[in-house]
Each structure stands twice: as C-alpha cells, then as structure tokens.
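J.: Below you'll find the structure I mean.
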Amino acid sequence: MQSTYWNNQGTHQADYDRLVKLMPMMGKSDTVAGELIRAVSKLGHDFYNNGMGNNTSGAVNFLEAKGAIDRNTYCTIYDYTRGMLYDGRYEGDSLQVAMESMVDQTVKFILANPELETQANTEDMFDYSEEDQHFCGECGDETDRWSPVCRYCEAAWEEEYDDEDDCYA
C-alpha cells in the first residue's frame, strides 16, 4: 500500500497534519478533536512500529464510543489492540486498509463537526482500555492462558508427535 498516513501520503493528509497540532506532547488532549487524533496516531504508531504488540484497546474503543469510526473498521482492528500480533507485510491487507480507513473516517468526522476542535476534552482514551487478551499462534482463537497455542492446537500438536519412534515421544 503506497498512500498511507504513515508515509505522509494519506487521503486527507493536509487536514490530518493540521489536526495533529491539537495533540499535546504527552497526556490527554485539551480538545475532543485532539484526543481523537491522539487515538488514531497511537494506533497507527503501534501498527507500523510494533505490529500491534501493545494494548491499544483504549484508543479504538474511544474512537468507536465517540462515533468517529464505523463498526466494521472497529471490528477489524479490535482484536489486534488486545494482544493479537500483526504478521502481515503492510501490502494492503484488511488490517492495513482498516487502519487507513480509521484515519480517513476520524478526520472526516472532525471536519464534519468543527466544534470538536475547540470543545473541551474531559476524557483520556486510556480510560477506555481493556485487559490484554491472549491469542493462539496456530489458529488465532482467543485463549484463556499465557501460552503460544490454545489447548485444542496444543492437543493436536501432542497427538501428531505422540509416536514411540519419534524424538518428541
């Protein structure tokens, strides 16, 4: 994917760049628009720098709660904000498309509601955070424990190598 906000070629790049100036260097933003841009920036940074390796659920939950992104975009991004690692190649797969759409939608939401640029913000996106969730490295299903694979995949793996002549028996 060539035209991304990460490489400064997003669809609404000029508006995004202007809105980024509403974000403080640290802490919550003074305006609602600033906090919305802070949330998309946090998600974009985690996506492009860490493969979604951090808990950024507060950011995506905040965007949805404020009506800045649609449900489909939220659902595509959500699991990755709670522990599912992105193993794509940044070549326009569904997550990358959703991440770029998230920025587009948020910028358009702020432009359609210009009062958000001056409306005092009383919330921190991190107040919307949830606990990390664990995902199976084999099938991608949620698990209830810290393990690289779920119980089902672990059992299948053990069954595959449960032979006396095998090194793993």
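J.: Is it the case that some residue within region 107-119 is buried (at least 20 other Cβ atoms within 10 Å of the Cβ) and under 17 Å from residue 5 (Cα atoms)? Reasoning before the result, please.
T.: Filtering region 107-119 down to residues buried (at least 20 other Cβ atoms within 10 Å of the Cβ) leaves 107, 110, 116.
After this cut, where a residue has to be under 17 Å from residue 5 (Cα atoms) as well, the list is 107, 110.
So far as region 107-119 goes, yes, one or more of its residues are buried (at least 20 other Cβ atoms within 10 Å of the Cβ) and under 17 Å from residue 5 (Cα atoms).
J.: List the pairs whose first member sits in region 37-53 and is closer than 10 Å to residue 6 by Cβ, whose second member is in a helix (DSSP H, G or I) and not hydrophobic (A, V, I, L, M, F, W, C), and whose Cβ atoms are under 8 Å apart, counting only residues at least 6 apart or on separate chains?
T.: Listed pairs, sorted by first residue: 47/80; 47/96.
J.: Are any residues in region 32-82 of a type in the set (Gly, Ala, Ser) and under 9 Å from the mean Cα position of the chain (by Cα), and if so, which ones? Please lay out each step first, then the result.
T.: Of the residues in region 32-82, the ones of a type in the set (Gly, Ala, Ser) are 33-34, 39, 41, 44, 51, 53, 57-59, 65, 67-68.
Within region 32-82, 44, 57, 59 qualify.
J.: Which is of a type in the set (Val, Ile, Thr), within 27 Å of residue 137 (Cβ to Cβ) and out of contact with any Gly (no Cβ under 8 Å at 6 or more places or on another chain), of 69, 77?
T.: Values: 69 fails: within 27 Å of residue 137 (Cβ to Cβ).
Selected residue: 77, the only one of 69, 77 that is of a type in the set (Val, Ile, Thr), within 27 Å of residue 137 (Cβ to Cβ) and out of contact with any Gly (no Cβ under 8 Å at 6 or more places or on another chain).
J.: Provide a single number: the residues in region 120-132 that are surrounded by 15 or more Cβ atoms within 10 Å (Cβ to Cβ), among the hydroxyl-bearing types (Ser, Thr, Tyr) and in a loop (DSSP other than H, G, I, E, B).
T.: 1
FYI, it's all coordinate maths here, none of it is from the lab. Everything numeric here is computed off the predicted structure, so don't read it as measured data. Heads up, the Cβs are rebuilt from the backbone with ideal geometry, glycines too, and the neighbour counts pull from every protein chain shown.
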